[in-house]
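Attaching a single structure in structure tokens format; questions to follow.
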């Protein structure tokens, strides 16, 4: 074979390969390529934190994909009251409240959290709260013309029109209007780590596995773990069996589980905002029994009809005592004299939700399956009265522990070092709310934006 012929054959082969390659590229995508999505930033979760992160990353020029396991955006934000807490907002000044400041807000957050929160992270929230409220209003979300106090030194809570659903819908519409891709019914199951950096997510949708590659970063905004009894039993065993008012299967700790698998540091996992005197009203709503029923002479008994409190339990300790009773349940029993003291209006929601039981001792005992003899002994002279009873089931409003982050929302490993490519915001994080939680939505907006900006910058 001559040299010129070999060259011609080689050229012919190269041309054939090129043509074949073009045909493959332009033809139908293979099953493998169809299940791989490449983007700059992947956000897991579409509540206030996740959507804020997505919008902030998009504003920095990043291409963003949001993964949401539920068929609807919003997470627990959709079911929240919609209160945003910040000092110095124009509505506060309009209503004559001029003495408030981020510093006072900071002190309030630390006090509510019983100083179990990280001051450095709390200060990020309070210093940036006003800017977050102003920012969200630029996204077409309106606030009611009022400002209220909610465990705060000064009134600084502003209600979103339409509540949490209004906030979720407003952020969703803005994200969709800016061509941010939101994948519903898509559950993230595993973080991809390459050379020590998080580079993507494996998710499931319609029984198929999809790989989402993120060239700049992944943001965890998956919410808390109030629905995950395994995590509750592990980190707060005294709360085993506790209910939650969160929508079913939303706060299952998905992000925490994925993060834990790659060595992320978890903090404050034993902490939560707990409502000890929880009352289920209707099919899926919850409220709290008025504490003043106790003060007026109401008694808390178990299924044996016996009192079980030492007399000074409150909050988490009270919840733990109730959860230790048979069925993780107690019964608040009282007579008409108590109703006259507390006022019928304080029982309206409980009665309207079908949770206020009325009758003589035999009827109450039979309906609620309480030991009648034990209840009679406990009530004494009151046993002959017409009685009222409320089933008490403590519930978790929100968990306040989760993955550890720094002030730029970068996730930390067990030694406190930054995990490149991974960021987090919202209830999936810990160390911000502490022992209680009254500033959740503003935290989601503040750290959601920070997480999105950090991810887009590849910090």
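The values are calculated or read from the model by the stated rules, or taken from the named source; none is laboratory data. Since the structure is predicted, the reported quantities are computational estimates derived from the model, not experimental observations. Quick reminder, even Gly has a Cβ in these numbers, built from the backbone with ideal geometry, and neighbours come from all protein chains shown.
Residues of the range 310-327 being assigned to a loop (DSSP other than H, G, I, E, B) and surrounded by fewer than 16 Cβ atoms within 10 Å (Cβ to Cβ), which ones?
Taking the range 310-327 and keeping what is assigned to a loop (DSSP other than H, G, I, E, B), we get 310-314, 324-325.
Across the range 310-327, the qualifying residues are 310, 311, 312, 314, 324.
Let's see how each residue does on (1) outside the structural domain of residue 440 (by TED's automatic domain parsing); (2) touching a residue at least 12 places away in the same chain (Cβ under 8 Å); (3) over 26 Å from residue 414 (Cα atoms):
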position: 188; (1), (2), (3): no, yes, no
position: 202; (1), (2), (3): no, yes, no
position: 209; (1), (2), (3): no, yes, yes
position: 225; (1), (2), (3): no, yes, no
position: 228; (1), (2), (3): no, yes, no
position: 231; (1), (2), (3): no, yes, no
position: 258; (1), (2), (3): no, yes, no
position: 286; (1), (2), (3): yes, yes, yes
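Quick one: what pairs do we get from the range 320-348, first residue more than 23 Å from residue 363 (Cα to Cα), second at pLDDT below 95 and part of a helix (DSSP H, G or I), C-beta under 6 Å, 6+ apart or different chains?
Close Cβ pairs (under 6 Å, with a partner that is at pLDDT below 95 and part of a helix (DSSP H, G or I)) amount to 320/238; 342/292; 342/293.
Among the listed residues 247, 290, identify the single one that is farther than 19 Å from residue 435 by Cβ, within 15 Å of the chain's Cα centre (by Cα) and not in a helix (DSSP H, G or I).
247
With the condition being at pLDDT below 50 and under 23 Å from residue 207 (Cβ atoms), I'd like the helices (runs of 4 or more DSSP H) fully within the range 3-100 carrying at least 1 qualifying residues.
On the way: elements: 3-26, 31-34, 48-59, 90-94.
Where helices (runs of 4 or more DSSP H) fall fully within the range 3-100 and carry at least 1 residues being at pLDDT below 50 and under 23 Å from residue 207 (Cβ atoms), they are 31-34.
Say we look at the range 210-229 and pick out the residues that are assigned to a strand (DSSP E or B) and more than 21 Å from residue 447 (Cβ to Cβ); which of these is nearest to the chain's Cα centre (by Cα)? Before you say what the answer is, go through the steps one by one.
As a first pass, look at the range 210-229 and keep what is assigned to a strand (DSSP E or B): 210-220.
Applying the additional criterion that residues be more than 21 Å from residue 447 (Cβ to Cβ) yields 210-213, 215.
Numbers: 210: 25, 211: 25, 212: 24, 213: 25, 215: 27 Å.
Restricting to residues being assigned to a strand (DSSP E or B) and more than 21 Å from residue 447 (Cβ to Cβ), the top hit is 212.
Here is a further query. Do we have residue 207 as at pLDDT below 95, over 24 Å from the mean Cα position of the chain (by Cα) and within 25 Å of residue 250 (Cβ to Cβ) here?
In short, yes.
Output the residues belonging to the range 332-351 that are assigned to a helix (DSSP H, G or I) and in contact with a strand residue (DSSP E or B) (Cβ under 7 Å, 6 or more places away or on another chain).
Matches in the range 332-351: 339, 347, 349, 350.
Name the one entry in 126, 152 that is buried (at least 18 other Cβ atoms within 10 Å of the Cβ) and at pLDDT below 95.
Details: 126 fails: at pLDDT below 95.
It is 152.
Given the structure, is residue 406 modelled with pLDDT under 95, surrounded by 15 or more Cβ atoms within 10 Å (Cβ to Cβ), under 29 Å from residue 133 (Cα atoms) and in contact with a strand residue (DSSP E or B) (Cβ under 7 Å, 6 or more places away or on another chain)?
On the way: modelled with pLDDT under 95: no; surrounded by 15 or more Cβ atoms within 10 Å (Cβ to Cβ): yes; under 29 Å from residue 133 (Cα atoms): yes; in contact with a strand residue (DSSP E or B) (Cβ under 7 Å, 6 or more places away or on another chain): yes.
Spelling it out, it is not the case that residue 406 is modelled with pLDDT under 95, surrounded by 15 or more Cβ atoms within 10 Å (Cβ to Cβ), under 29 Å from residue 133 (Cα atoms) and in contact with a strand residue (DSSP E or B) (Cβ under 7 Å, 6 or more places away or on another chain).
Which condition from (1) outside any loop (DSSP other than H, G, I, E, B); (2) touching a residue at least 60 places away in the same chain (Cβ under 8 Å); (3) touching a helix residue (DSSP H, G or I) at 6+ places or on another chain (Cβ under 7 Å) is the one that residue 151 breaks?
(1)
Can we say residue 370 is touching a helix residue (DSSP H, G or I) at 6+ places or on another chain (Cβ under 6 Å), buried (at least 18 other Cβ atoms within 10 Å of the Cβ) and assigned to a loop (DSSP other than H, G, I, E, B)?
Taking the combined requirement at face value, the residue does not satisfy it.
Pull out all pairs, ordered by first then second residue, where Cβ-Cβ is under 7 Å, the residues are six or more apart or on different chains, the first lies in the range 164-184 and is over 14 Å from residue 72 (Cα atoms), and the second is loosely packed, with under 14 Cβ neighbours inside 10 Å.
Qualifying pairs under 7 Å: 174/140.
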